[in-house]
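The values are calculated or read from the model by the stated rules, or taken from the named source; none is laboratory data. Everything numeric here is computed off the predicted structure, so don't read it as measured data. FYI the Cβ positions are ideal-geometry reconstructions off the backbone, even for glycines, and counts take in every protein chain you see. Remember, those area values only see protein heavy atoms, side chains included, never the ligands or the DNA or RNA. Shrake-Rupley method; radii C 1.70, N 1.55, O 1.52, S 1.80 Å.
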Amino acid sequence: MILPNGVTGFYNSEAIKPPKVEGKQFKQLCFDIVSRNGGKVIDFNTPQYPANFYYAQVEILGNRFYILLNEHYPYLAFASAVEFGNIKFIDNPVLYEQFSPFFRVIGTVELNVPFNQNLVKKTELNSAELEQLAYWKPETVGQIIFNYWD
């Protein structure tokens with residue numbers, strides 16, 4: 001997976017500011033898709049410093065989990081836990097199919113790919129992001145796309 005410029009939320013100047021995704025659409029889709037599957041949205045959070053992602057806590061058939069969306073790119077993932085510095089990614093094939101017409105749903109195989117310096121060459125990350133990588137030392141691609149860096 002090629003990580004685009006600004007996916008972490010960090011950038012050097014207003015001239016290269018990363019794009020933003022439409023949070024209203026994500027919120028509406030969460031409510032619609034989850035209710036169609038017999039569930040409910042328990043909580044919905046917009047990106048707040050230092051997080052770079054939206055997330056909805058949902059419950060479907062007694063199973064609680066999270067739906068995450070990167071603030072800058074339409075990258076969506078599912079997680080069983082969302083805590084500062086600890087996101088446990090999971091797969092949800094049913095919701096994967098339903099969200100994929102709207103977002104690029106990323107599964108655990110891609111999210112858990114170990115991140116190392118060889119992968120840096122295959123990214124479009126800007127110098128501010130590379131500084132953050134050096135500081136935070138993420139271990140996986142998922143920790144870069146969905147982060148709590150400040």
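Placing +1 at every Lys and Arg Cβ and -1 at every Asp and Glu Cβ, with all other atoms neutral, what dipole size does the stretch 14-123 have around its Cα centre, in debye to the nearest 20?
So the dipole magnitude of the stretch 14-123 works out to roughly 160 debye.
Think of the chain as having a plus end and a minus end, set by charges on the Cβ of Lys, Arg, Asp and Glu; of Phe102, Leu133, Asn52, Phe102 sits farthest toward the positive end of this dipole. For Asn86 and Asn112, a Förster radius of 22 Å and the Cβ-Cβ distance give a FRET efficiency of 0.95, rounded to the nearest 0.05. Carbon-plus-sulfur accessible fraction, the chain (probe radius 1.4 Å, protein heavy atoms only): 51%. Annotation: average projected area of the chain is 8.4 square nanometres, based on the convex hull of Cα atoms across all directions.
Cα-Cα over 31 Å: which of Lys24/Lys121; Lys40/Lys88; Lys40/Lys137?
Exceeds cut-off: Lys24/Lys121; Lys40/Lys137.
Can you work out the FRET efficiency for the pair Glu131 and Lys20, with r the C-beta to C-beta distance and R0 = 30 Å, to the nearest 0.05?
Working: r = 22 Å, r/R0 = 0.73.
After rounding, the FRET efficiency stands at 0.85.
With a Förster radius of 25 Å applied to the C-beta separation of Glu139 and Ile2, the computed FRET efficiency comes to 0.85. Taking Cα atoms, how many degrees apart are the long axis of helix 23-36 and the longest axis of the chain, rounded to 10 and kept between 0 and 90? Once rounded, the angle reads 30 degrees.
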